[in-house]
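To start, the structure under review is shown below, and the notes come after it.
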Amino acid sequence: MGTTCRWPIAMACLALAAACGGGPAGTPATRPAANPATPASTAPPGGPSAGGTSPVGASPAATGEIAASPDWKTVPGARLEGSAALLDVAAAGPGNAWAVGYKESAEDREGTPALQHWDGARWTQTAVSSSDAWHLVGVSAGGPDDVWIVGNGESPYAAHWNGARWTGSHPYGVAEDYFLSDVATSGGHAWLVGRNASQGVITEWRPQGFRQALSADGYLLAVTAKRGHVWAVGSDAAASSGTSGTPGTPMVWHGTAVSGTEIQSWQREPTPQITGGVLRRVWMVSPSDVWAVGSVSPSADRPETPLVLHYNGASWQKVEAPIPRGRLDGVTAFGPADVWISGIDADHSGQALFLHYDGQKWTPSYGPLLREHDDGQQYEESDDIARTGIARIPGTSSLWAVGSVGGGDAEDDFVLRHG
């Protein structure tokens, strides 16, 4: 039986595929996607895309090919059927990493979830059992026996790996007006962030089950957690305002433990009031050293520009990125003087962008050109990087990066390794 569209028209324009219609439970529905390069389950309403095609202002073709860093090498991933993308990656150690996204997607269908595992020698596909998710959008690894994934379908989906098997669940039951964006695990707890039709939400999992920890005006796209601290980021733009609504500003929520490790207090942190700013990823080095990245799109006719914010223990400050146009999608760190960011440079849009901070300055580097421009290609953006994600590999100085190139029927996933 089909479902009834419950979203406002402005929301439906961004999340048509996820909000309306549907197939039998447990079966991926066949329906038009709002934007094949921006899965409906990851596109924040009323704000810039969480995924998306080339940044605003980029040339249609993969522009300005630049020398690739020899430290970033392509690694064969598991073969994903059809149009595919990897949206996030996390590592528990040198021989244990997980990447999530989707496969079998096209302009006229959402696709099915993609889950890959690295065993130290190769990437292989892992089945997502008992799931009606279309896309997996976030993954977090607290250790080899503590991995969480989240995604979206008829209703949001979450699953936990205990080292032997996956256990899946629907944190909000059959509710169709919730979407998950990211997950973080720490100390036997997991924190899920996303939104419903009107607000951003933070949901906590503990052994007793799921509970809603916070609702906030706006929407939330990313979360990071360590003992006694949780940081969640996004934008305070109205969740159902639509693209014609007033652009929001960066939003950061901080959860702290009053005593012990239980998060008991939540506070919205003051941030620079940057119109059109949205934060897509966050990483905590320590409670007094936190990085958040995203982009600024003040209006449809102005180029998208990168956004980096840093918390020094006292306040959040804007940090200038060494590229003028583009978008930042991922952040991780080995320490305060070893921070890495992934994204897209609009002036070199055919190669993944990486920014490294050594404690004093930022140094950009680029991955290999993944697709040559062809005058007869299906889409003008088919040779552009669509999204990136990055994760450190604990116990090493190496990194994983994942993402996709192109869009629509021509989208393909990639995996890169540094070191």
Exposure proxy check on 274, 385: fewest-to-most Cβ neighbours within 10 Å is 274, 385
If each part is reduced to its alpha-carbon centroid, segment 175-208 and segment 376-412 end up apart, in Å, by 25 Å
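Given axes a ≥ b ≥ c from the Cα gyration tensor, I'd like to know whether segment 181-338 is rounded (a/c under 1.5), prolate (a/b larger than b/c) or oblate.
The shape class here is oblate.
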The Kirkwood hydrodynamic radius of segment 284-419, taken as the inverse of the mean 1/r over all distinct Cα pairs, in Å, comes to 15.7 Å
The residues 417, 206, 392, 327, sorted from fewest to most surrounding Cβ atoms within 10 Å, come out as 206, 417, 392, 327
Ranked on Cβ counts within 10 Å of their own Cβ, fewest leading, 268, 281, 387 go 268, 281, 387
Per its Cα gyration tensor (rounded if a/c is under 1.5, else prolate when a/b beats b/c, else oblate), segment 328-379 is best filed as prolate
Filtered hits (lysines, Cα-Cα < 30 Å from residue 361, offset >= 8 within chain) -> 73, 226, 318
Per its Cα gyration tensor (rounded if a/c is under 1.5, else prolate when a/b beats b/c, else oblate), segment 68-169 is best filed as oblate
Ordering 253-259, 220-226 by per-residue average of other C-beta atoms within 10 angstrom, highest first, gives 220-226, 253-259
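None of the figures in this text is laboratory data; all of them are computed from the coordinates on show. Remember, it's a predicted structure, so these values are computed and weren't measured experimentally. FYI the Cβ positions are ideal-geometry reconstructions off the backbone, even for glycines, and counts take in every protein chain you see.
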